[in-house]
Ligand code: CA
């Protein structure tokens, strides 16, 4: 997914960019309200993370102008101002969610996931496999699928783009997000285990040598 981060605090902006990229997104950044307005008017994003106090145009004005252009891109407001009036005004102007600074990285990640899920089906179905993006739980032929956290991360990455190749290093990077460093070799182990667990669903993980993996239905 393509996300625009509008934040004038350099350290926070860089940190958020890193977090989003580790989750597999493409993050564009700016610290200026006018620049954000310009980019939003001419480029397409799946989500905007928007600080309120900004040089140039303030965050609420950026949001207002975006909604006036009939752009429905979800907006997550970030602000140090924890005042009810600001929050209400932001929501009135069409913000989709609001996070007060300081916030935990995990909470930011959860809010982003929730906003990006909107408009997506709650349940992915592939062959005999069902996967709930909400509870991060899967079923094969009605039976719950027992997966470790890393196996879930790898499966979700493959399920996001079934039939398209996902790079092995990208999978390693995602699996390493919350845990100890993951190497390309451990990805091979997760894929090996997933293959066995997905077999009864008629779902195969194909290795494309030198490129990565893709999810496909077994012939
Ligand atoms: Ca600010």
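No lab work stands behind these numbers, since they all come straight from the coordinates. These figures come from a predicted structure and were not determined experimentally. Ideal geometry is used to build each Cβ from the backbone, glycine not excepted, and the neighbour counts take in all protein chains shown.
Miscellaneous remarks
- If the segment from residue 8 to residue 135 were pulled out straight at 0.36 nm per residue, it would be longer than the present Cα-Cα gap by 42.3 nm.
- Inter-label distance, nm, simple model (7 Å from Cα along the C-beta direction), residue 26/residue 125: 3.1
- Mean ellipticity per residue at 222 nm, deg cm²/dmol - from DSSP H runs of n ≥ 4 across the chain, formula -39500 (n - 2.57): -12500 deg cm²/dmol
- Max mean-square fluctuation residue, GNM over the chain, Cα-Cα springs under 10 Å, options 30, 161, 18: 161
- Summary of the geometry: segment 123-160 and segment 191-219, compared by the centres of their Cα atoms, lie 13 Å apart.
- Whole-Å distance, taken between Cα centres, linking segment 87-110 and segment 33-50: 17
- Cα→Cβ-extended label distance, 7 Å offset, between residue 44 and residue 107, nm: 3.4
- Take every pair of alpha-carbon atoms less than 8 Å apart whose residues are at least six positions apart; their mean separation over the length of segment 1-77 yields a relative contact order of 34 percent.
- Of 164, 89, 209, the residue with the greatest mean-square motion in the GNM of the chain, using alpha carbon springs below 10 Å, is 209.
- Selected from 204, 41, 85 as most flexible by GNM, with the chain as the system and alpha-carbon contacts under 10 Å: 85
- Relative contact order (%) - segment 35-88, alpha-carbon pairs under 8 angstrom, separation at least six: 43
- Applying 0.36 nm per residue to the separation of residue 211 and residue 169 and subtracting their alpha-carbon distance, the gain on full extension is 14.2 nm.
- Relative contact order (%) - criterion: Cα under 8 Å, at least six apart; region: segment 62-219: 17
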